[in-house]
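Let me begin by presenting the structure, written as structure tokens, before commenting on it.
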Amino acid sequence: MVKITKSYKYATAKQVIFQIRYSNLFMIGSKIGDIQLKLMKEFPKSSKVIKHNILFANITPDTKIPSISDQPIGNTIWRFESSSNYLLEISSNTLSISSTKYKSYQRDPDNSLREVIIEVMKVFLEYIPILVFERIGLRYIDECPMPKDKNNFLKLYNSTFPLSRFGLNDAKEIAFFADVKREENYLRFGEKVKIIDGVEKLYLDFDGYAQDVNASDYLNVLDELHELITEEYGNSIKDPIIKYMETGKLDE
């Protein structure tokens with residue numbers, strides 16, 4: 001296993017998402033203004049999105065097409081953006097914090113993901129005193145380089161692909177998925193090779209989560225999930241990827 005001991009300039013993390021889920025709370029709408037005011041310094045940009053449920057039906061020439069007012073009421077999502085590239089989204093049953101320009105979970109004292117989560121959760125729980133979260137999740141999606149010579153793939157990664165049977169040179173697409181329990185928590189893991197904008201890349205998807213978590217214990221659980229994901233990421237890569245994250249160059 002490769003140990004992750006610091007933050008890297010060319011880290012492969014493409015997106016990171018923290019999310020809590022809770023039972024539908026109809027009080028959210030009446031409290032969102034207070035939450036916004038408390039977080040406005042860190043999250044100055046705001047917007048509101050209403051996602052409508054879509055009804056699929058067999059439409060014939062004699063069928064009256066239902067109007068939007070006939071559809072089930074959609075879910076309102078309040079969005080707040082920070083100047084440090086974090087997006088906060090709150091709905092009646094979820095709170096999410098995400099970033100596509102993630103730098104550090106804890107090592108950056110001014111802009112670490114952990115500190116942002118603590119600040120947001122402090123304000124959120126002040127106005128929405130939830131006792132138990134149905135689910136807490138921390139997800140990392142990593143976009144990793146592929147070697148020019150695919151025969152060198154296993155020099156870079158501890159892959160889950162059955163390459164002895166399905167070689168990369170012959171595969172149009174290859175993927176692996178697992179959902180497993182790790183002590184008291186869970187991990188959904190995905191590995192996939194795909195082409196984006198003409199460039200072939202390896203995508204590693206780590207979704208750590210826990211269920212029925214006391215709100216007072218969320219931070220301990222979050223740290224456990226981060227440790228789980230860090231360990232699994234270290235199990236997935238080899239030393240050349242560490243060098244790549246330090247230099248931006250792939251040494252095959």
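The values are calculated or read from the model by the stated rules, or taken from the named source; none is laboratory data. All figures in this text were calculated on a predicted structure; none of them were measured in a lab. Using ideal geometry, Cβ is built from the backbone for each residue, glycine included, and neighbour counts are taken over all protein chains shown. Just the protein is used for accessible areas: all its heavy atoms, side chains included, with ligands, DNA and RNA removed. Shrake-Rupley method; radii C 1.70, N 1.55, O 1.52, S 1.80 Å.
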* **Among the candidates Arg188, Arg182, residue that is surrounded by fewer than 18 Cβ atoms within 10 Å (Cβ to Cβ), modelled with pLDDT of 95 or more and within 22 Å of the chain's Cα centre (by Cα)** => Arg188
* Determine if the range 199-212 includes at least one residue that is under 30 Å from Arg114 (Cα atoms) and more than 21 Å from the chain's Cα centre (by Cα). => no
* Asked: With (1) open to solvent by 20 Å² or more (accessible area, probe 1.4 Å); (2) under 21 Å from Thr94 (Cβ atoms) as the list, and Asp170 as the residue in question, which single condition is left unmet?
  -> (2)
* Of residues in the range 122-140 being of a type in the set (A, V, I, L, M, F, W, C) and within 15 Å of Leu225 (Cβ to Cβ), the one surrounded by the most Cβ atoms within 10 Å (Cβ to Cβ) -> Leu138
* **Pick from the range 193-219, criterion closer than 18 Å to Gln19 by Cβ and either charged (D, E, K, R) or not assigned by the TED database to the domain that holds Met146 (or both), ranking: surrounded by the fewest Cβ atoms within 10 Å (Cβ to Cβ)** => Asp212
* Tell me which residues, restricted to the range 191-222, are at pLDDT 95 or above and among the β-branched types (Val, Ile, Thr). => Val213, Val221
* Could you give me the residue pairs with C-beta distances under 8 Å whose first residue belongs to the range 159-174 and is closer than 21 Å to Phe189 by Cα, whose second residue is in a loop (DSSP other than H, G, I, E, B) and open to solvent by 30 Å² or more (accessible area, probe 1.4 Å) wherever it lies, and which are 6+ apart or on separate chains? => Ile174/Phe166
* Residue check for Phe161: assigned by the TED database to the domain that holds Val213, buried (at least 16 other Cβ atoms within 10 Å of the Cβ) and more than 24 Å from the chain's Cα centre (by Cα) -> no
* To do: Assess whether Val180 counts as being without any contact (Cβ under 8 Å) to a residue 40 or more places away in the chain, within 24 Å of Arg135 (Cβ to Cβ) and of a type in the set (A, V, I, L, M).
  => yes
* Asked: For the subset of the range 1-41 comprising residues that are basic (Lys, Arg) and not in a strand (DSSP E or B), which member is nearest to Lys249 (Cα to Cα)?
  -> Lys9
